[in-house]
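Have a look at the structure below before the remarks.
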């Protein structure tokens, strides 16, 4: 991948404009990208860029990249992220970002801190439920239960279109 070369190659390490453009691209493309590409490329590289930004000696560049990373992580937080990816890349990258934002943008740092806490709580809840023998599908019902319920409702209807339309109306 050529895009990866711009992030990983040491000759591009001090190319501020390129890094900003890569982060902007991740912000726009990441949420709609193929999950495998997002999981194997976008999120790990956001983590790498966040870590590298913590070591940026030029304050203005560090602040600029941090704000762009904030946008990228905000966009990515709407996607499904596996527990492994969350623990190994997403949360560590957010923590690096939080460190930068403490200095440059306290209002954004508060939001990142909240994001970190929410993700950690979700992971803790999942670990707790797995340890106690419960799983999330057991808590919310399985897809098979939903399918059975839906089909039983459909089976109760006559073929009239008016009756079919009532199935999809909200209960009051």
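What to note about this one:
- Qualifying residue in the stretch 50-66 (condition: within 26 Å of residue 126 (Cβ to Cβ), at pLDDT 95 or above and buried (at least 17 other Cβ atoms within 10 Å of the Cβ)): yes
- Just one of the numbered conditions (1) modelled with pLDDT of 90 or more; (2) farther than 23 Å from residue 26 by Cα; (3) surrounded by 12 or more Cβ atoms within 10 Å (Cβ to Cβ) is not true of residue 129: (1).
- Counted residues, the stretch 36-70 - those being in a helix (DSSP H, G or I) and either more than 12 Å from residue 96 (Cβ to Cβ) or touching a strand residue (DSSP E or B) at 6+ places or on another chain (Cβ under 9 Å) (or both): 17
- Of the set (1) in contact (Cβ under 8 Å) with a residue 40 or more places away in the chain; (2) over 24 Å from residue 62 (Cβ atoms), all apply to residue 121 but (1).
The values are calculated or read from the model by the stated rules, or taken from the named source; none is laboratory data. Values in this document were obtained by computation on a predicted structure and should not be read as measured data. Backbone-built Cβ (ideal geometry, glycine too); neighbour counts: all protein chains shown.
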